[in-house]
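The values are calculated or read from the model by the stated rules, or taken from the named source; none is laboratory data. From a predicted model like this one, the values you see are computed outputs, not experimental measurements. Cβ coordinates were reconstructed from backbone atoms using ideal geometry, including for glycine residues, and neighbour counts include every protein chain displayed.
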Amino acid sequence: MGTGPVVIIGAGHAALEAAAELRAKGHTCPITLIGAETAPPYARPPLSKSYLTGQVGPEELWLRPESFFREQGITTMLGESVVEIDREAGRVLLASEAHVPYGTLILATGSRPRWPAVPGADLEGVVVLRNLSDAERLRCALRDCRELLVVGGGFIGLEVASVARGLGLPVTVVESGSRLMGRSVSSTLSAHLLALHRAEGTRVLLDRELVALRGEAGRVRVAELNNGGRVVTDLVVFGIGALPNTALASRAELTTGDGVVVDRWLRTSDKNVYAIGDCARFPSPHAAYPVRLESLQNASDQARCVAATLTGDRQPYTAIPWFWTEQCGVRVQMAGITSFHDRAVVSGSRAEGRFSVFCYRDGRLVGTESVNRSADHMITRRLLADGMAGPAADEVARPGFDLRRHPVKPV
Amino acid sequence: MAKITYKHVDGTETVVEVTAPNTVMRGAKLNDVEGILAQCGGSAQCGTCHVYIDEGNVLPLPEMHEAEDDVLYGTAAERRPTSRLSCQIPVSEAIDGLVVHLPATQV
């Protein structure tokens, strides 16, 4: 296989899965993972959920045992940063000044939390949540916290709010938009989540922007909002989105634009360089324009797609996007890209907290959002993957509709 | 500690010793047993750690929760009466000797 040595920049889900899948498919060239964090590849989803509560410890986060890398001949360089990609020479330069040559380079550089541009953001007690050390810091901070302020009503912010309420803390969520998870889900699901969080005792302030944080003795004490309101707090968690790590790619003059731009095969503007996971912007058959997805599914499936390409089974990336979140003890799962839907139909019971929102665009099912209805989620993923039309909106709207009785093409 | 046997579709098998507090899924991942993907990491979200419990099993397994039952509606390989998500089966001495069959595909 003419890939030459494979160097993967990153050591998160996408990076690990790419390395593991290359070996599983019989790839024999040297593989090197270069990760800036010192921790071995670990699971990220628990960091905003069970890891914060202490239900899951660090040893349960490791994705593979140390022996795996040894036995599979995968070199890991952890705590190392790449400072430059030399495409002409086919090598990467590390901060330690070492060079690592590559035949094929995979960028799995991930994303970083967006920091707010407000005065006081540098006070003690102001944190973000992205990696294991962030999670460790937040887990400790929650123990001493008396009043938590979450800025941003998206996935991370709401999961943290939910955990903190479970620990009995007073929690305020400030969201600049008019609804929760506004960029990701239908207004029906937004409204349901708002009701859930409020019922748990979380104070949710919509259409409010943070303008400044004020502290005492270097520690955050008060948040000031754009309507003149003030929130007393001693711990502020920002969950206001993430930015793709594209600096290396841009310096190497690869095409970027809110992500490293790749083609349907996840290849960048250089035929020997691929980009996968949070950092990649790719054309999706499930969206009208190129997208960048920050999800475990996307990281894993893109890794497997590139591994297939590099081992001679070249396929465009077409996997169905799916996401999940756990909030207020509820399982919320999303299948497909629903953000551009023009009709939403609810099946199930909102009052009982078990329902799905079926989202349509031009009469075609583009995805579902399920609350404690995993069967709907799973079957939707199958339907979309198989290119099936799915049930018509009017059918879903009928009382007693059950997707489990809808025919799915056998695999 | 429990001995778990993972039977592959090609007729071969991998036998590993798994310690608590792990699950049958994690036993496979920790020992590099092929055929279990476990994309979601064990949250009963993805359905890619699907296994078939051996027909002759007499060991006590935990009852299936509604969420697991729901997820099994969407597995890539056909669902059978013996289907389980291996991330929902904790390892303990009570399941020492468990035999699971891996499906042909997880995605």
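Filtering region A:343-379 down to residues that are away from every other protein chain (no Cβ under 14 Å) and not in a strand (DSSP E or B), which residue is farthest from residue B:70 (Cα to Cα)?
Of everything passing the filter in region A:343-379, A:362 is farthest from residue B:70 (Cα to Cα).
Any residue in region A:243-257 that is away from chain B (no Cβ under 14 Å), over 30 Å from residue A:88 (Cα atoms) and touching a Leu at 6+ places or on another chain (Cβ under 7 Å)?
Within region A:243-257 (the criterion being away from chain B (no Cβ under 14 Å), over 30 Å from residue A:88 (Cα atoms) and touching a Leu at 6+ places or on another chain (Cβ under 7 Å)), the answer is no, since none of the residues qualifies.
Would you confirm, using the coordinates I've provided, whether residue A:196 is surrounded by 20 or more Cβ atoms within 10 Å (Cβ to Cβ) and of a type in the set (A, V, I, L, M, F, W, C)?
yes
Being touching a Phe, Trp or Tyr at 6+ places or on another chain (Cβ under 7 Å) and charged (D, E, K, R) is true for just one of A:364, A:350, A:381. Which residue is that?
Step by step, each of A:364, A:350, A:381 is checked, and only A:381 is touching a Phe, Trp or Tyr at 6+ places or on another chain (Cβ under 7 Å) and charged (D, E, K, R).
So is residue A:26 surrounded by 15 or more Cβ atoms within 10 Å (Cβ to Cβ) and not hydroxyl-bearing (Ser, Thr, Tyr) or not?
Spelling it out, it is not the case that residue A:26 is surrounded by 15 or more Cβ atoms within 10 Å (Cβ to Cβ) and not hydroxyl-bearing (Ser, Thr, Tyr).
Can you name the residue in region B:60-102 that is in a loop (DSSP other than H, G, I, E, B) and crowded, with 19+ Cβ neighbours inside 10 Å and is also nearest to the other protein chains (Cβ to nearest Cβ) among such residues?
B:75
Kindly establish whether residue A:274 is aromatic (Phe, Trp, Tyr) and in contact with a helix residue (DSSP H, G or I) (Cβ under 6 Å, 6 or more places away or on another chain).
yes
Scan region A:247-257 and tell me whether some residue there is within 18 Å of residue A:174 (Cα to Cα) and under 25 Å from the mean Cα position of the chain (by Cα).
No; the residues of region A:247-257 include none that is within 18 Å of residue A:174 (Cα to Cα) and under 25 Å from the mean Cα position of the chain (by Cα).
Considering each of B:23, B:48, B:12 in turn, give the residue that is among the hydroxyl-bearing types (Ser, Thr, Tyr), touching a helix residue (DSSP H, G or I) at 6+ places or on another chain (Cβ under 6 Å) and on the phi < 0 side of the Ramachandran plot.
The conditions single out B:23.
Residues to consider are A:79, A:73, A:35, A:4; find the one that is more than 11 Å from chain B (Cβ to nearest Cβ), of a type outside the set (Ser, Thr, Tyr) and closer than 30 Å to residue A:162 by Cβ.
None of the others qualify; the one that does is A:35.
Residues in region B:43-58 that are more than 12 Å from chain A (Cβ to nearest Cβ) and within 15 Å of residue B:6 (Cβ to Cβ): how many?
6
For every residue, the table says whether it meets (1) touching a residue at least 60 places away in the same chain (Cβ under 8 Å); (2) in contact with a helix residue (DSSP H, G or I) (Cβ under 6 Å, 6 or more places away or on another chain); (3) on the phi < 0 side of the Ramachandran plot; (4) among the small types (Gly, Ala, Ser).
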| site | (1), (2), (3), (4) |
| --- | --- |
| A:294 | yes, yes, yes, no |
| A:318 | no, no, yes, no |
| A:322 | no, yes, yes, no |
| A:325 | yes, yes, yes, no |
| A:352 | no, no, yes, no |
| A:362 | no, no, no, no |
| A:366 | yes, no, yes, no |
| A:382 | no, yes, yes, no |
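Note down all Cβ pairs under 8 Å where the first residue falls in region B:51-62 and is within 15 Å of residue B:27 (Cβ to Cβ), the second is among the acidic types (Asp, Glu) and part of a loop (DSSP other than H, G, I, E, B), and they're at least six residues apart or on different chains.
Hits for this filter: B:59/B:96.
Check whether at least one residue in region B:10-20 is more than 10 Å from chain A (Cβ to nearest Cβ), crowded, with 21+ Cβ neighbours inside 10 Å and not in a loop (DSSP other than H, G, I, E, B), and report yes or no.
yes
Residue under question is residue A:394, and the condition is that it be more than 30 Å from residue A:157 (Cα to Cα), within 11 Å of another protein chain (Cβ to nearest Cβ), surrounded by fewer than 16 Cβ atoms within 10 Å (Cβ to Cβ) and not hydroxyl-bearing (Ser, Thr, Tyr); does it hold?
No; evaluated as a whole, the condition is false for this residue.
Consider residue A:50 against the criteria (1) without any contact (Cβ under 8 Å) to a residue 60 or more places away in the chain; (2) surrounded by 16 or more Cβ atoms within 10 Å (Cβ to Cβ); (3) closer than 20 Å to residue B:42 by Cα; (4) in contact with a helix residue (DSSP H, G or I) (Cβ under 7 Å, 6 or more places away or on another chain): it satisfies all of them except one. Which criterion is unmet?
(4)
Exactly one condition in (1) charged (D, E, K, R); (2) under 20 Å from the mean Cα position of the chain (by Cα); (3) on the phi > 0 side of the Ramachandran plot is false for residue A:97; which is it?
The failed condition is (2).
When region A:162-193 is examined, which residues are found to be at positive phi and surrounded by fewer than 16 Cβ atoms within 10 Å (Cβ to Cβ)?
The answer is A:168, and nothing else.
What pairs come out if I take residues in region A:125-140 that are within 20 Å of residue A:222 (Cβ to Cβ) and pair them with residues that are among the charged types (D, E, K, R) whose C-beta lies under 9 Å away, six or more apart or interchain?
Note: pairs meeting the criteria are A:125/A:219; A:125/A:221; A:125/A:234; A:127/A:134; A:127/A:137; A:128/A:112; A:128/A:114; A:128/A:134.
Hey, among B:12, B:5, B:23, which residue is without any contact (Cβ under 8 Å) to a residue 24 or more places away in the chain and either of a type outside the set (Asp, Glu) or over 29 Å from residue A:386 (Cβ atoms) (or both)?
One residue alone meets the criteria, B:12.
Looking only at region A:253-269, filter to residues that are touching an Asp or Glu at 6+ places or on another chain (Cβ under 9 Å) and under 19 Å from residue A:3 (Cβ atoms); which one of those is surrounded by the fewest Cβ atoms within 10 Å (Cβ to Cβ)?
A:269
Given the conditions (1) within 13 Å of chain B (Cβ to nearest Cβ); (2) touching a strand residue (DSSP E or B) at 6+ places or on another chain (Cβ under 6 Å), report the number of the one that residue A:383 does not fulfil.
Of (1) within 13 Å of chain B (Cβ to nearest Cβ); (2) touching a strand residue (DSSP E or B) at 6+ places or on another chain (Cβ under 6 Å), only one is false for residue A:383: (2).
Return yes when residue A:318 is away from every other protein chain (no Cβ under 14 Å) and either surrounded by fewer than 23 Cβ atoms within 10 Å (Cβ to Cβ) or at pLDDT 95 or above (or both) and no when it is not.
no
Which of the numbered conditions does residue A:338 fail, given that it passes all the others? Conditions: (1) more than 21 Å from residue B:47 (Cα to Cα); (2) within 21 Å of the chain's Cα centre (by Cα); (3) not in a loop (DSSP other than H, G, I, E, B).
All conditions pass for residue A:338, except number (3).
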